[in-house]
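Encoded as structure tokens, the structure appears first; notes follow it.
Derivation of every value follows stated rules applied to the coordinates shown; laboratory data play no part. Keep in mind that this is a model prediction, so the values were computed, not measured. Note that we place each Cβ from the backbone using ideal geometry, even for glycine, and neighbour counts take in every protein chain shown.
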Amino acid sequence: MNPTGIYHRLPYPLKVAAATIWGGYLNWWRYSKHTEAAVDEALEKDTWHRERIEAWQEEKLAKLLSIAAAEVPYYSNYWQSQRRIGNRSSIEVLKNWPVLRKEIVRENPQLFKTQSRKLFYREHTSGTTGSPLVLWQSRSTLQAWYSLFEARIRRWNDLNRSDRWGMLGGQLVTPFDRKDPPFWVWNQASRQLYLSAYHLSEDTASAYAEAMHKHRLVYLLGYPSALTALAEFALSKGISLPKLKCVISNAEPLFDYQRKIIAHAFQTRIVNTYGMSELVCAASECSSGSMHLWPEAGLVEILAEESDTAEPEGSSGRIIATGLLNQDMPLIRYDTGDLGALAHRDCPCGRQHPILGEPVGRMDEMIITLDGRKIGRLDPVFKTDIPVREAQIIQEDLYSIKVLLVPGLGYDHDSLLQQRLRERVGDMKITIQQVREIPRGANGKFRAVISHVKEP
């Protein structure tokens, strides 16, 4: 029997013990005696002027490019081949490096490991849109990343590691077919209540709320889709949710209608975040509502959707990131697959880190219309005047879309929903199918739009 099967057979007190032991091990990996100093360094950078931030990044970039050209097989082979055909471009200039497609990393992960570094552990992306990527990281890289998380998510929001907190996510902490609580496990080492996103329903929502009250949570972190579902259930059933300092969204885009529902149900502020397992870039929301990029994580470019040319500041395009933190597996000009915009403007919070405009979605989460338009943000069709708990739009071909929706109390709005969609996508066949729940990926994540269509 595999370890997961053994864990699932344990009585709940022993599950708590197992989760706590595992949590202690993860804490050992993620934190060290140097963590607080690293947190202080990150917070000190929050006071820097833009010119100082850019100079610091340029110094880090120069070191990274030098390591990659000399010690990373994929890049050293690339530059050798370029020299053989007479290309004498400087490796010190970022724009002389090719844009890196995710498929190349997926097919050849070993070629991106820095040869002089030996102490790696293997990580995977969540695989939301396809096969997971194999990633290589050292303990020092992971500790640096978690120091940034502590600084730019917890400390920005008056939180710290000693706070009791909840995670509403996609880890399989209890079997799929479990019908009765607990649908969670307490990890004492991390002071974390991990709540399964798979078991949340109208019938179980009150048990989730009771568990959060019982464990005296200070804040809650989770997928926006799962947080919205919990908020909807609580509002419709009159369930009392705990008073939290804040709710933090991660792993999925946070839409305006979701933010309003979550804030209303929890009566607290919502903090949005952006990041990825590849450790090439990250951003978090400040008290003024701006999504500030973390300068230590990486450099971000915005390139056109159809070419590798730069977009003007403020214009939407592909998010291309060069990771500065992870020198174990350097990814240079990495195409994240996400779309967004970039701005350099003064923020009332005083920080001068670049601001990531609200991401408009993933490139493979865009509806393609007959006239060639790409539409990513379709959440306005599900405004709060339509009682929909959650919905997913699927495009199988150029001529039709299907909407899977979980109806809320009093839903009878197929015609209005179709009208709003046609106003945006044009004359397409629109099928609306009511379901009990929207399928999640293996990681528990939720995709609002899925398109299987390529441009005509």
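Quickly estimate the mean residue ellipticity at 222 nm for the chain, helices only: each DSSP H run with n ≥ 4 gives -39500 (n - 2.57), and the total goes over all residues, rounded to 500. Present the calculation step by step, with values, prior to reporting the outcome.
Numbers: 11 runs with 135 residues, N = 456.
Per the formula, -9000 deg cm²/dmol.
Quick one: Debye curve from the C-alpha atoms of the range 1-117, no solvent, what's log10 I(q)/I(0) at q = 0.11, 0.16, 0.23 Å⁻¹?
Scattering profile of the range 1-117, log10 relative to I(0): -0.71, -0.98, -1.23.
What helices does the chain hold that run 20 Å or longer along their axis, going by alpha-carbon atoms, with a Kyte-Doolittle average of -0.5 or more, using DSSP H for the helix calls? Display every interim value, and only then the final one.
Numbers: long enough: 12-30 (26 Å, 0.07); 50-71 (31 Å, -0.46).
Helices meeting the span and hydropathy rule in the chain are 12-30, 50-71.
So for the pair ARG101, ILE85, with labels modelled 7 Å out along Cα→Cβ, what separation do we get in nm?
Computed distance between label sites ARG101 and ILE85 equals 1.5 nm.
Rounded to the nearest 5, what % of DSSP beta bridges with both residues in the range 3-362 are antiparallel?
Among the beta bridges of the range 3-362, antiparallel pairing accounts for roughly 60 percent.
Take the Cα atoms of the chain, build their convex hull, and give its volume per residue in Å³. If you can, show how the numbers build up before the last one.
Numbers: hull volume 72.7 nm³, N = 456.
Cα-based convex hull of the chain, divided per residue, equals 159 Å³.
If you average the C-alpha positions of the range 1-40 and of the range 58-98 separately, how far apart do those two centres end up, in angstrom?
Between the Cα centres of the range 1-40 and the range 58-98 lies a distance of 40 Å.
Determine the alpha carbon to alpha carbon distance for each of LYS15/LYS214; LYS45/LYS243; LYS33/LYS243; LYS214/LYS260; LYS60/LYS113 and list only those over 24 Å.
Beyond 24 Å between Cα atoms: LYS45/LYS243; LYS33/LYS243; LYS214/LYS260.
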